[in-house]
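The values are calculated or read from the model by the stated rules, or taken from the named source; none is laboratory data. Small disclaimer: the values here were computed from a predicted structure and weren't measured. Virtual Cβ from ideal backbone geometry, glycine too; neighbours counted across all protein chains shown.
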Amino acid sequence: MTHDPLAGFPAPLGAPPRYEPEYEEPRESLPPEPQKRRIWLHFLLFGLTALSMQFTAMELNPPPPGHTRLGFAAYQSMSLLGILLVHELGHYVAALLHRVPASIPYFLPLPRFSFFGTFGALISMQHRIRSRKALLDIGAAGPLAGMIVALPVLCWGLSMSEVGPHSPGGYAQEGQSILYWLMKRLVLGPIPQGQDVNLHPMAFAGWGGMFLTMLNLLPWGQLDGGHIAYALFGDRQYVFARWVRRGLLGVFVYNLVALVLPVLLHRSSQPLLAAVAASSCWLVWYGITGLMGRFFGEDHPPFEPGELGLGRKALAVVCLVLFILLFMPTPFAVY
């Protein structure tokens with residue numbers, strides 16, 4: 001996620017955008033953000049995040065015979081950490097190329113409160129992005145760079161995964177998207193009815209990278225997808241973004257009907273609490289986007305006049321199509 005003055009993935013954290021006075025120095029003459037005084041903080045947060053992700057993966061992945069718990073969990077934690085790192089470096093490098101002062105990434109540990117052990121990462125920007133081309137390039141660079149790593153990680157992880165029958169006592173089902181389904185079909189072939197993939201930790205990391213990229217590409221507000229859509233559509237994005245956010249409530253209702261209603265009608269043995277929790281993801285994101293709009297604003301600071309070339313318009317469309325291919329109506333469920 002990139003936003004002004006903070007940009008990151010996927011955490012909606014930061015401070016409200018700062019609007020500069022009418023007179024401003026040219027972008028090219030702005031000094032880079034000083035880092036020497038707090039470089040230790042970046043390394044400390046990176047180390048804490050790596051530990052948090054490793055401990056979380058160890059809790060989620062009991063090792064099979066012949067593997068240590070530490071080594072088996074590292075497939076997940078190190079793979080996902082690499083996806084996050086490349087995502088943030090995509091934003092950072094694009095900012096450097098456009099001479100937009102930006103910090104190196106801040107990683108955010110989150111032990112025991114997520115499947116991943118992290119709340120993502122972010123980069124800090126002291127000045128708003130004034131160029132329409134820069135806004136698009138910086139917003140798109142992170143998700144695309146992260147996907148370049150996530151896809152081979154997922155392929156490798158799926159090749160080490162096994163296909164087997166669903167557990168008769170209930171089984172956990174990760175979210176399904178069009179792209180994820182295609183990747184499973186490509187690597188493992190057709191999956192028989194009543195069976196599914198028992199994900200290797202590296203495959204779960206690849207899935208997690210796709211899931212977090214999908215959240216970031218949501219075309220709303222200060223998320224990466226919001227930057228991309230605003231660069232492409234300008235002020236017309238505001239109406240579209242508000243309908244996108246309302247649509248999150250629609251997906252929440254769909255999950256209530258699909259997961260909670262069968263439990264209430266005694267047509268499912270899934271625990272009611274688990275069904276409610278699995279249904280609430282998009283309600284939570286509706287709340288998160290509301291907080292982002294309240295503290296950082298739903299609208300973007302205006303960019304300088306200028307048109308996007310055909311190549312950049314195509315890039316923006318690719319990112320929006322990627323969001324559709326990654327979208328998971330039910331990110332997680334227990335059946």
Task: Residues that are out of contact with any helix residue (DSSP H, G or I) (no Cβ under 8 Å at 6 or more places or on another chain) and either crowded, with 19+ Cβ neighbours inside 10 Å or not in a loop (DSSP other than H, G, I, E, B) (or both), drawn from region 189-208 - done: 195, 196, 198
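This table checks each residue for (1) more than 30 Å from residue 136 (Cβ to Cβ); (2) more than 17 Å from the chain's Cα centre (by Cα); (3) modelled with pLDDT of 95 or more.
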residue: 38; (1), (2), (3): no, yes, no
residue: 43; (1), (2), (3): yes, yes, no
residue: 55; (1), (2), (3): yes, yes, no
residue: 58; (1), (2), (3): yes, yes, no
residue: 66; (1), (2), (3): yes, yes, no
residue: 69; (1), (2), (3): yes, yes, no
residue: 78; (1), (2), (3): yes, no, yes
residue: 82; (1), (2), (3): no, no, yes
residue: 86; (1), (2), (3): no, no, yes
TODO: May I ask you to list the residues in region 88-126 that are of a type in the set (S, T, N, Q), in a strand (DSSP E or B) and under 15 Å from the mean Cα position of the chain (by Cα)?
DONE: 118
Task: In region 170-183, the residues that are in a helix (DSSP H, G or I) and either under 15 Å from the mean Cα position of the chain (by Cα) or surrounded by 14 or more Cβ atoms within 10 Å (Cβ to Cβ) (or both) - done: 179, 180, 183
Task: Selection status of residue 286, at pLDDT below 90 and either surrounded by fewer than 15 Cβ atoms within 10 Å (Cβ to Cβ) or over 19 Å from residue 174 (Cβ atoms) (or both) - done: no
Task: Condition check for residue 330: assigned to a loop (DSSP other than H, G, I, E, B) and within 20 Å of the chain's Cα centre (by Cα) - done: yes
TODO: Pick out the one residue from 212, 186, 158, 223 that is among the aliphatic types (A, V, I, L, M), more than 23 Å from residue 72 (Cα to Cα) and either buried (at least 23 other Cβ atoms within 10 Å of the Cβ) or touching a residue at least 40 places away in the same chain (Cβ under 8 Å) (or both).
DONE: 223
TODO: Give the residue that is modelled with the lowest pLDDT, with candidates limited to residues of region 92-117 that are of a type in the set (Val, Ile, Thr) and over 16 Å from residue 41 (Cα atoms).
DONE: 100
Task: The one condition in (1) assigned to a loop (DSSP other than H, G, I, E, B); (2) surrounded by fewer than 24 Cβ atoms within 10 Å (Cβ to Cβ); (3) among the hydrophobic types (A, V, I, L, M, F, W, C) that residue 129 fails to fulfil - done: (2)
Open item on the list: Tell me yes or no: at least one residue of region 276-297 is of a type in the set (D, E, K, R) and in a helix (DSSP H, G or I).
Closed with: yes
TODO: Could you grab the pairs with beta carbons closer than 8 Å, sequence gap of 6+ or different chains, first residue in region 42-71 and more than 16 Å from residue 201 (Cβ to Cβ), second one at pLDDT 95 or above and of a type in the set (Gly, Ala, Ser)?
DONE: none
Task: Complete set of residues in region 255-275 that are touching a strand residue (DSSP E or B) at 6+ places or on another chain (Cβ under 9 Å) and part of a helix (DSSP H, G or I) - done: 255, 258, 259, 274, 275
Task: Members of region 66-87 that are of a type in the set (Gly, Ala, Ser) and in a helix (DSSP H, G or I) - done: 71, 73, 74, 77, 79, 82
- [ ] Answer yes or no: is there a residue in region 61-79 that is farther than 24 Å from residue 155 by Cα and surrounded by 14 or more Cβ atoms within 10 Å (Cβ to Cβ).
- [x] no
Task: Test for residue 330: is it closer than 23 Å to residue 250 by Cβ, touching a residue at least 60 places away in the same chain (Cβ under 8 Å), of a type in the set (Ser, Thr, Tyr) and touching a Pro at 6+ places or on another chain (Cβ under 9 Å) - done: no
- [ ] Please work out which one of (1) modelled with pLDDT of 95 or more; (2) closer than 25 Å to residue 281 by Cα is the condition residue 145 fails and give its number.
- [x] (2)
Task: Matching residues, region 143-180, being hydroxyl-bearing (Ser, Thr, Tyr) and more than 24 Å from residue 216 (Cβ to Cβ) - done: 159, 161, 167, 171
Open item on the list: Any residue that is part of a helix (DSSP H, G or I) and on the phi > 0 side of the Ramachandran plot - is there at least one of those in region 217-235?
Closed with: yes
